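Below you'll find the structure, written out as structure tokens, and then a few comments.
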Amino acid sequence: MKELVITSLLGIGVLAFDILKLRKFILPLIVVGLLAVVGASIVDWGMNENLFGKNMIIMDNYALGFTSILCLLTLAWILTSTDYFTNEISRTDLYALVLFALCGGYVMCSYTNLVMLFIGIEILSIPMYVLAASNKRDMLSNEAGFKYFFLGALASSILLFGIALVYGATGSFQLDAIKNVLATAGSGTIMTAGILMIFTGFAFKVGIAPFHMWTPDVYQGAPTVITGLMSTMVKGAAFAAFFRLYYLGFTPTLEFTASIFAVLAGLSLIVANVMATIQVNAKRLLAYSSISHAGFMLAAVMTADSMNPRMLMYYVLVYGIASLTSFNVLYHVSKFQNGAEGFDAFKGLVKRNPVMAGAMTLSLLSMAGIPPLAGFMAKYFVISHILERGYTWLVIIMVLTSAVAVYYYLRIIVSMLTPIENAGRIVSTDSNRIGLLVLSIAMVAMFFLAAFV
């Protein structure tokens, strides 16, 4: 309960500080507040506190773990994005929206009732629609916001319809009650339709093929810093909710639907990696990369009945760190190249800003799954577990598409190493350099910390 209350009050406090002309204290307030949330999660570990009545939200270890991860990713995003905001007023508005979206992420990690799931998704989604269109002078940003809103609303409608059908078939919104009905009576026509509609809604939200069509356009059109938030905190919260649904509620259906999960995971990996190889825009390349990683995380959801949730937590954190780093570097490179986002914009980066070049290289190699970086262990956990379940063909696809990913990630790395004449240095703030160094160290350190997962 403390985690949700602190973050909610933090969002309100940011707006209050803006009204009181105390804008210079807003960033310290956010940092202290988010660290307090992480501290509260540690204190509450193992308590399994119920919120808002019986079995609406429960802050179990799964919820507390993901709450801490989302909080840390948001904190890292804020500290490395301070120079994005052109003035203090826009900074206040956007910080408040991010904090309110984070509240929705907390609900999505901790729900035990399908109504709370839907509420959490909407609390997260509505601020993100605004953030995607926050660059009002850019037509691509306006277009991205509209596409994100329209398809997000469509996905929410399908999800809500599915929830209604599940309620009609079981008479309950509670995950444990739904699980008992599925285990004893099986799934009839209405129940099956409801489960498929909920799955379709989630598939849109997390951007897996063939429901991924919005992802490259929205990622490219939204401000680069906002795209970094979408690919980390938002995607992490969505998969936390997705896994929890099948971990606590729809577990009996995995026996029959696992093949659907496997096919869509394989399709996501193939489509995303093939399309990424022909991209000339680095931002769209990273968008297809996110779809590829969504395929890995979908495979984790597919085995929710046997996989340790800590493996998904590790994957979300590792991918979040790498993705946040890559989008941050892309933003600064594009900013000093008059908005250019092609591979040529990275030429000479190793001399123009060695810290950015090093951080970008580590993030790309981590997402490719190259040891000794944490991305290797994240993929290893998923692949080894999928192999134990007998999905050899999916493992082959994962390995082959990861090899393809190395190719298109290396295209950016080669550009950074390519010398260019008369190119000035790319300057960043001290907080950004420190943030990139910390994130780079984390990508290496978490490789060795994987033994504790």
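The values are calculated or read from the model by the stated rules, or taken from the named source; none is laboratory data. None of these values were measured; they are calculated from a predicted model. Glycine also receives a Cβ, built like all others from the backbone with ideal geometry; neighbour counts cover every protein chain displayed.
Below is a table of values for the structure above.
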item: Odd one out for I441, checked against (1) part of a helix (DSSP H, G or I); (2) touching a residue at least 24 places away in the same chain (Cβ under 8 Å); result: (2)
item: Helices (runs of 4 or more DSSP H) completely within the range 185-266 that count 2 or more residues being among the hydrophobic types (A, V, I, L, M, F, W, C) and surrounded by fewer than 22 Cβ atoms within 10 Å (Cβ to Cβ); result: 189-206
item: Some residue of the range 417-433 being closer than 21 Å to G320 by Cα and either at pLDDT 90 or above or in contact with a Lys or Arg (Cβ under 9 Å, 6 or more places away or on another chain) (or both); result: no
item: Residue tally, condition touching a residue at least 60 places away in the same chain (Cβ under 8 Å) and of a type outside the set (G, A, S), over the range 389-408; result: 10
item: Candidates S110, S157, S172, S187 - the one that is in contact with a strand residue (DSSP E or B) (Cβ under 7 Å, 6 or more places away or on another chain), closer than 21 Å to F250 by Cα and not charged (D, E, K, R); result: S110
item: Residue that is surrounded by the fewest Cβ atoms within 10 Å (Cβ to Cβ) [pool: residues in the range 336-369 that are without any contact (Cβ under 8 Å) to a residue 24 or more places away in the chain and not aliphatic (A, V, I, L, M)]; result: N338
item: Residue check, I413 more than 27 Å from N273 (Cβ to Cβ), free of Cβ contacts under 8 Å to residues at least 60 places away in the same chain and in a helix (DSSP H, G or I); result: no
item: P419 surrounded by fewer than 19 Cβ atoms within 10 Å (Cβ to Cβ), touching a helix residue (DSSP H, G or I) at 6+ places or on another chain (Cβ under 6 Å) and not aliphatic (A, V, I, L, M); result: no
item: Residue within the range 168-176 that is surrounded by fewer than 20 Cβ atoms within 10 Å (Cβ to Cβ), in contact (Cβ under 8 Å) with a residue 12 or more places away in the chain and either touching a Cys at 6+ places or on another chain (Cβ under 7 Å) or aliphatic (A, V, I, L, M) (or both) present; result: no
item: Per-region count, the range 273-311, residues part of a helix (DSSP H, G or I) and closer than 23 Å to I198 by Cα; result: 14
item: Residue satisfying all of: in the range 82-141; among the β-branched types (V, I, T), under 19 Å from M59 (Cβ atoms) and buried (at least 21 other Cβ atoms within 10 Å of the Cβ); modelled with the highest pLDDT among these; result: I121
